[in-house]
Amino acid sequence: MSIAIYPGSFDPITNGHLSIIRGGLVAFDKLIIAVASNPKKTPMFSVEERTDMIRESAPEPDRVEVDAFDGLLVDYCKKRNARVVLRGLRAVADFEYELQMANMNRHLYEQMETVFIMADDANFYVSSNLVKEAAKLGGNIQGLVPETVATRLTQKLAKTTGG
Ligand code: PNS
C-alpha cells in the first residue's frame, strides 16, 4: 500500500489544501495529514482545532488519517514507516522554500522523497495567512475555505475582538 505524509501548519485548512489532498488520493492509497503542533509562527487555532477542522472537511476518511506531530518531520516519517512527503505548490514563490525544505529533509533522512502536487487553478492564490488577513479585515472568504472553517474563523475573530 502506498502511503504519503502531507505535513503542514493547516492554520486553518483551506480549499487549496483540499485540492492537494484530492490530488494525493489519486497518487497514493493512503494519506496521513500531519499537523505541526509547534509551527514557526504562533497559530490562530490550537492543534486540536486544526485537526478537527481537517477531519470535518477532508474526503474519504477511510483513506485519510489526521494526526499531529512535534519535532522533526523526518522523525515523524520514520515513526510512521513512511518515506514519501507530499507538499502542494502554488505560485513560483513557493518553489524556493519548498526546494530548501525538501533538500534539508533529504539531508536529515536520505531515504525520504518529497512529491509535489500543483494546487488547482481555482485555489492557486489561496493561503491560510491571506484567508486569515481577509477575514480579520471583514473580507468575504466564502469559497476559499470549507464552511466549517469559515464558521470557526468568524467565531474566533468575534471572541478575540470582543465583538
Ligand atoms: O504549512 P507550512 O507552515 O508551510 O508547513 C511547514 C512544515 C510544518 C511542514 C515544516 O515547517 C516542518 O516540517 N516542520 C517540522 C520541523 C522540521 O522538520 N523542520 C525541518 C524541515 S526543513
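The values are calculated or read from the model by the stated rules, or taken from the named source; none is laboratory data. These numbers were taken from a predicted model, which means no experiment stands behind them. No Cβ is skipped: glycine too gets one built from the backbone with ideal geometry, and neighbour counts run over all protein chains shown.
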Within segment 19-48, of all residues that are assigned to a helix (DSSP H, G or I) and within 14 Å of the ligand (Cβ to nearest atom), the one nearest to D70 (Cα to Cα) is V47
Within the set of pairs 6 or more residues apart or between chains, which connect a residue that is under 18 Å from Y125 (Cβ atoms) inside segment 89-110 to a residue that is near the ligand (Cβ under 9 Å from one of its atoms) with Cβ atoms less than 7 Å apart?
-> L89/E98; E98/R87
Members of segment 55-79 found to be of a type in the set (V, I, T) and either within 12 Å of the ligand (Cβ to nearest atom) or surrounded by fewer than 16 Cβ atoms within 10 Å (Cβ to Cβ) (or both), listed by number | V74
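Of the residues that sit in segment 62-72 and are part of a strand (DSSP E or B) and hydrophobic (A, V, I, L, M, F, W, C), which one is farthest from K40 (Cα to Cα)?
To start, the set of residues in segment 62-72 that are part of a strand (DSSP E or B) comprises 64-69.
If we keep only those that are hydrophobic (A, V, I, L, M, F, W, C) too, we end up with 64, 66, 68-69.
On the way: V64: 25, V66: 20, A68: 15, F69: 13 Å.
Filtering first and then ranking leaves V64.
Would you please name the residue that is surrounded by the fewest Cβ atoms within 10 Å (Cβ to Cβ), looking only at residues in segment 80-98 that are aliphatic (A, V, I, L, M) and modelled with pLDDT under 95?
Residues of segment 80-98 aliphatic (A, V, I, L, M): 82, 84-86, 89, 91-93.
With modelled with pLDDT under 95 added as a condition, the list becomes 89, 91-93.
Numbers: L89: 15, A91: 10, V92: 7, A93: 9.
Ranking the candidates gives V92 first.
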Looking at (1) within 12 Å of the ligand (Cβ to nearest atom); (2) under 15 Å from the mean Cα position of the chain (by Cα); (3) buried (at least 16 other Cβ atoms within 10 Å of the Cβ), find the lone condition where L144 falls short.
-> (1)
